[in-house]
1. Going residue by residue through segment A:186-196, is there one that turns out to be within 14 Å of ligand 2 (Cβ to nearest atom), within 12 Å of another protein chain (Cβ to nearest Cβ) and either part of a helix (DSSP H, G or I) or closer than 30 Å to residue B:235 by Cβ (or both)?
2. Would you call residue B:50 within 18 Å of the chain's Cα centre (by Cα), β-branched (Val, Ile, Thr) and closer than 11 Å to residue B:76 by Cα?
3. Among the residues of segment B:123-140, are any under 18 Å from residue B:219 (Cβ atoms), facing chain A (nearest Cβ under 9 Å) and not in a helix (DSSP H, G or I)?
4. Count, please, the residues in segment A:197-222 that happen to be more than 11 Å from every other protein chain (Cβ to nearest Cβ) and more than 29 Å from the chain's Cα centre (by Cα).
5. Taking the criterion of being touching a residue at least 12 places away in the same chain (Cβ under 8 Å), touching a Lys or Arg at 6+ places or on another chain (Cβ under 7 Å) and either surrounded by 13 or more Cβ atoms within 10 Å (Cβ to Cβ) or not small (Gly, Ala, Ser) (or both), would at least one residue in segment B:205-212 satisfy it?
6. Give the number of residues within segment A:113-141 that are loosely packed, with under 15 Cβ neighbours inside 10 Å and outside any strand (DSSP E or B).
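Nothing in this text is a laboratory measurement; each read-out follows from the coordinates by a stated rule. These figures come from a predicted structure and were not determined experimentally. Heads up, the Cβs are rebuilt from the backbone with ideal geometry, glycines too, and the neighbour counts pull from every protein chain shown.
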Amino acid sequence: MIVADRKPLKELLEMVEDCDKVLILGCKGCVTVCNVGGSKEVGILALTLKIARKKEGRLLEVSEKTLERQCDPEYVDEVKDIVDGYDAVISMACGVGPQFLSERYPEKRILPAVDTTFFGGAVQHGIWEERCAGCGACGIHHFGGLCPIARCAKSLLNGPCGGSADGKCEISKDVDCIWDMIVTKKMKEGRLDELLMLRPPKVWTTARDGGPRKSVREELVQ
Amino acid sequence: MTDLKSGSNLEKVLKAGHFAFTGECGPPKGSNVEHLKKKAAPLKGVVDAVNVTDNQTAVVRMSSWAASTILLQEGVEPNFQMVCRDRNRLAMQSDILGVYAMGIRNMLCLSGDHQRFGNHPEAKNVYDLDSMQLISMVKKMRDEGQFLNGEEIDVPPKLFIGAASNPFADPFEFRVHRLAKKINAGADFIQTQCIYNMDKFREFMKMAVDMGLHEKCYILAGVTPMKSVGMAQYMAKMVPGMDVPESLVKRLRGAGKGKVAEEGIKFSLEQIEEFKEMEGLAGIHLMAIEWEHRVPEIAERAGVLPRPKV
Ligand code: SF4
Ligand code: SF4
């Protein structure tokens, strides 16, 4: 899923500084699963903003709504009759949501409430980790099913750098060295030889480096 | 000597079978040419080539290629370092052509420390290629006269290709394979990480020799004299992939006030003596960090002077 973190309250208060009435829009997709932008979090943010503004002596009127998804015009359309009544719409979806909203409602101020971080999953309750960088040409089958593009701090393709120690990455003791995991796995399997061939430079054209991307599935296009 | 790859002094010394002795010089944190010349001066004639570091530990300094050309003017042969952190394949290839055009003949290919350690942790990291792919690209440029994309190069850069090896990083069993991989990719010579754990290094070299790696490539053992107990502790704790045994820290501490640096040098000299005899080694790479002026004395005491004229 797409993982995100909620922005600090201070930053959000600054964004709504000149607003009297806002709509907070949650999303039932990834951000609900990672407990950052579902209806529960929408409720918490609404309350927090109201209390904070009350303290400042300037009331903020806040409405709440959570859409099925914000990355789909069909659902984004659902608020077409109400957005006009607000000074701004705060989206709690990943970075995609506020953009779909901005495109659909060009006259409206759309504010992002979360910092979208990565494609990953929960490794334990309350902890999410990155797994994929969306490079557009998946090659993890060469690396024991583990991704060095997203998970090695240097995106190395030919083995662990000289900073790998005790299974941890040189950047932090809190980060696993993915290359240590890849090598250990291949050794256990007796397939180390697969890591001894030189892997050629990556073609980054399919990644963000090639410019904004688009997927066209002809059979679905009407 | 017609089959030289680059014709660099370092290559000739190694090819002639001499035990090589290389040094290191970090460019200044500024454009202070005089400072650089002053640091490089003691190394002249004392070492076969001098590594010029490339934004080492991700701290911005004068560019490695510019500092290398200044060394060249001073009559000191540079070993131009390039890391993969700061340049994509376009910038890498153009710098490679540039340094060759300026007369540089040795190049060391490295991954580079992550920018998180440095003085611009906010930077975007590049890592378009990794060090292995960089080695292979320089070889392709030199031997096939082609860019990475296969286009022809008008006067290919003839560089003596170096790479680093850290026998002390993990997973240990993979390290010798990684060395072999670098050699297959095109490394002509290898300079190791600073060695302090001699037991582990002996084991590593034995594996390398068993695999015949020393016959395919020149391996230079990395030596950095400890200047103080604090430095030893810092290296042990803060420098990724550094293995400083507690026994060495104890030994330095035991030397007593004012004598730690001398004890550090003694340890290095003992290492060098052993390295001279160790099977598979072709030389020493002395990284006397901010201690360039002590290198002549260390070289003298290590018995590696005068340097061969080849
Ligand atoms: S190789 Fe690319 S697509 Fe596959 S997991 Fe890694 S970043 Fe994602
Ligand atoms: S320590 Fe491991 S994960 Fe970290 S940069 Fe080096 S190889 Fe990559």
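1. Looking through segment A:186-196, at least one residue is within 14 Å of ligand 2 (Cβ to nearest atom), within 12 Å of another protein chain (Cβ to nearest Cβ) and either part of a helix (DSSP H, G or I) or closer than 30 Å to residue B:235 by Cβ (or both).
2. Yes: the conditions hold for residue B:50.
3. No, segment B:123-140 contains no residue that is under 18 Å from residue B:219 (Cβ atoms), facing chain A (nearest Cβ under 9 Å) and not in a helix (DSSP H, G or I).
4. Of the residues in segment A:197-222, 1 are more than 11 Å from every other protein chain (Cβ to nearest Cβ) and more than 29 Å from the chain's Cα centre (by Cα).
5. Within segment B:205-212, not a single residue is touching a residue at least 12 places away in the same chain (Cβ under 8 Å), touching a Lys or Arg at 6+ places or on another chain (Cβ under 7 Å) and either surrounded by 13 or more Cβ atoms within 10 Å (Cβ to Cβ) or not small (Gly, Ala, Ser) (or both).
6. Residues that pass the stated criteria total 7.
The rows are residues; the columns are (1) in a helix (DSSP H, G or I); (2) surrounded by 17 or more Cβ atoms within 10 Å (Cβ to Cβ); (3) out of contact with any Lys or Arg (no Cβ under 8 Å at 6 or more places or on another chain).
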{"site": "B:24", "(1), (2), (3)": "no, yes, yes"}
{"site": "B:35", "(1), (2), (3)": "yes, no, yes"}
{"site": "B:45", "(1), (2), (3)": "no, no, no"}
{"site": "B:54", "(1), (2), (3)": "no, yes, yes"}
{"site": "B:60", "(1), (2), (3)": "no, no, no"}
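Table: residues versus (1) within 14 Å of ligand 1 (Cβ to nearest atom); (2) closer than 27 Å to residue A:31 by Cα.
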position: A:126; (1), (2): no, yes
position: A:149; (1), (2): yes, yes
position: A:161; (1), (2): no, no
position: A:167; (1), (2): no, no
position: A:173; (1), (2): no, no
position: A:186; (1), (2): no, no
position: A:190; (1), (2): no, no
position: A:200; (1), (2): no, no
